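Below is one structure, written out as structure tokens; the observations come after it.
The values are calculated or read from the model by the stated rules, or taken from the named source; none is laboratory data. A quick note: this is a predicted structure, and the numbers were derived from the prediction, not measured. Reconstructed Cβ throughout: ideal geometry from the backbone, glycine too, with neighbour counts over all protein chains shown. Heads up: the accessible areas ignore ligands, DNA and RNA and are worked out on the full protein's heavy atoms, side chains in. Shrake-Rupley method; radii C 1.70, N 1.55, O 1.52, S 1.80 Å.
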Amino acid sequence: MTDSDFKKTVLDTKSASFCAAKWYNATIWLGSGMTTSCHHPLPHKVSQQDIEQNPKALHNTTQKKQERQQMQLGQRPTGCEYCWKIEDIGRDNVSDRVYKSKIYKLEDLDRAFNTPFTEDINLKTLEISFDRTCQFACSYCNPAFSSTWVRDISKNGPYVGLESDGRNHFTHNHDSAQLYKFGETNPYITAFFKWWESDLHQSLDELRITGGEPLMSGFTWQLLEWFKSNRGKSKTRLAINSNLGVDFDVLQRLLDACEGVELDLYTSNESVDTHAEYIRDGLNIFQWHYNMVQLIETRRLRSLHVMCTINALCLDSLPEFLTQLLTWKSQYGENFPNFTLNILRFPSFQSPLVLPQELRDKYRANLQSWLNTFENHVFLHPHEKNHVQRLIDYLDTVKTPHSDSFDLPILQKDFKRFYQQYDQRRGKDFIKTFPALADWYGSIQI
Ligand code: SF4
């Protein structure tokens, strides 16, 4: 069944806004006690009082239950705006609610839709973060998700003059992202391990560990130790998000701990060479390539995914990057690697929509030409083609990164103000790294 047919015949026949992620999927940041259904809606707080009585409340929050009710009634939860924007483009575009729902069985979708919204639901796919320890400080990340970003702000002070950074991503240390110091008891982590030991290790199809960089967290290794000491007790697949900025020995330790467990690895990148090292500060592109190939060649992974965060700076080399991924696919098979293109909305001044029309048109044409060349590539998955096509359509039709974003001139000024400070703090050089953007960048008056 095509993605479009799935939307029409499976989702829309339940309601015009039904998405199974609201029931079966969650990301939970245990360091801050926050959760969301998928990466698009903004996170909200989990009640500490609730999890003390019932660890399942880590996922079944009052807010999610209300949103489930909205979806049962065909109303659109505002937090899911990312999907509504893609669907409102028309042209038969499908949003992530299709991809996030079609991974579950049809009977599970029926059950979710028919379960009273007040009831707790057992998760099927869960992403957890134990803490924000990370050795990278990517430009589109912030101190809430990276301890290296915290060090930038602590050492150099806040980024100044950003008018559109309403959420103050770059002005403070985000202490609320790490409520408990190392050595202190974190009740959210306690609740997670309690839930895991009781029934989560049996009911969950997939557990994905994210960070920070999860391979730098002691709690990740504690959980991996559980798998090692309880071989065969859980059928849960494991997935790890890793920036691959570690020695291969660490990845080998991961593979050894997961012996007998199905393992997927997710990594991030969206551009090549100096572009990648500029955007993903801390990355050594040679190490990333080396680890990709070494991991694939162990043949221990079920699949290797590359998550591309589509921002204004990656579009110049995105087609070249996608060609690199296809070269690996040709050599190693369709799932080595897979890729997704996730269009960045926050911080909005780093959105691809901040680029002037002529650059957007140029990059859209480059992507179209890439798609024309490779659309019949035997290892390109349908969802990968759809992601490229929807990015082309996004660059063509969408005007603002999100509904309450600032006007373009303000976003462009912030773009320049941010990267000027980023260059200074990180020893980088925007103009040298992105010559194709230099004229436009130089013309922005701040
Ligand atoms: S943003 Fe989209 S995919 Fe995520 S929960 Fe909402 S409808 Fe589902």
Of all C-alpha pairs within the stretch 1-65, those more than 16 angstrom apart amount in percent to 52 percent
Note to self: with every protein chain in place and a 1.4 Å probe, the chain gives an accessible area per residue in Å² of 41 Å²
Listed by chain and number, the lysines with an alpha carbon less than 26 angstrom from that of residue 329, same-chain partners under 8 positions apart left out, are 100, 102, 385
Two pseudo-spin positions, 7 Å from Cα along C-beta at residue 438 and at residue 73, lie apart in nanometres by 5.7 nm
So, with points 7 Å from each Cα along the Cβ direction, the residue 233-residue 400 label distance in nm works out to 5.2 nm
For the pair residue 300 and residue 184, the simple spin-label estimate (label points 7 Å beyond Cα toward Cβ) gives in nm 3.6 nm
Whole-percent carbon and sulfur contribution to the accessible surface of the chain (1.4 Å, no ligands, DNA or RNA) stands at 49 percent
Once the mean of 1/r over all distinct C-alpha pairs in the chain is inverted, the Kirkwood radius in Å reads 22.8 Å
Of the listed links 56/235; 14/194; 14/45, those spanning more than 31 angstrom between alpha carbons are 14/194
Taking alpha-carbon centroids only, the stretch 1-32 lies from the stretch 252-309 a number of Å equal to 28 Å
Measuring from its Cα centre, the chain shows a charge dipole (+1 at each Lys and Arg Cβ, -1 at each Asp and Glu Cβ) which, in debye to the nearest 20, is 440 debye
Rg (one decimal) and Dmax (whole number) from the Cα set of the stretch 336-446, in Å, equal 15.9, 48
Whole-Hz Karplus couplings 3J(HN,Hα) for the stretch 156-172, θ = phi - 60° and coefficients 6.51, -1.76, 1.60, Gly and Pro as x, run 9, x, x, 5, 10, x, 8, 6, 8, 7, x, 8, 6, 4, 10, 10, 8
The farthest towards the positive end of the charge dipole of the chain, of the residues 252, 188, 89, given +1 on Cβ of Lys and Arg and -1 on Cβ of Asp and Glu, is 188
Residues whose built amide H sits under 5 Å from the amide H of residue 239, excluding neighbours closer than 5 in sequence, are 207, 208, 209, 264
For the stretch 263-339 (alpha-carbon point model, no solvent) the Debye-based log₁₀ I(q)/I(0) at q = 0.23 Å⁻¹ works out to -1.09
Longest the chain segment clear of GluC sites (Glu not before Pro) sitting in DSSP loops (not H, G, I, E or B) with at most 10 other Cβ atoms within 10 Å runs 185-446
If the chain between residue 381 and residue 167 were fully extended at 0.36 nm per residue, the gain over the current Cα-Cα distance would be 73.4 nm
Here the gain from full extension of residue 151 to residue 249, 0.36 nm per residue of separation minus their alpha-carbon distance, amounts to 32.6 nm
Which of 65/85; 85/362; 64/155 exceed 29 Å between C-alpha atoms? The answer is 64/155
If the chain between residue 84 and residue 357 were fully extended at 0.36 nm per residue, the gain over the current Cα-Cα distance would be 95.9 nm
Restricting to aspartates and glutamates and to Cα separations under 12 Å from residue 233, and discarding same-chain partners fewer than 8 apart, the set is 197, 199
Of all DSSP beta bridges with both partners in the chain, the antiparallel percent, nearest 5, is 15 percent
Of all C-alpha pairs within the stretch 74-151, those more than 21 angstrom apart amount in percent to 56 percent
At the level of C-alpha centres, the distance separating the stretch 321-400 and the stretch 156-200, in angstrom, is 31 Å
Partner aspartates and glutamates whose C-alpha sits under 18 Å from that of residue 432, ignoring same-chain residues fewer than 8 away, are 273, 277, 281, 316, 423
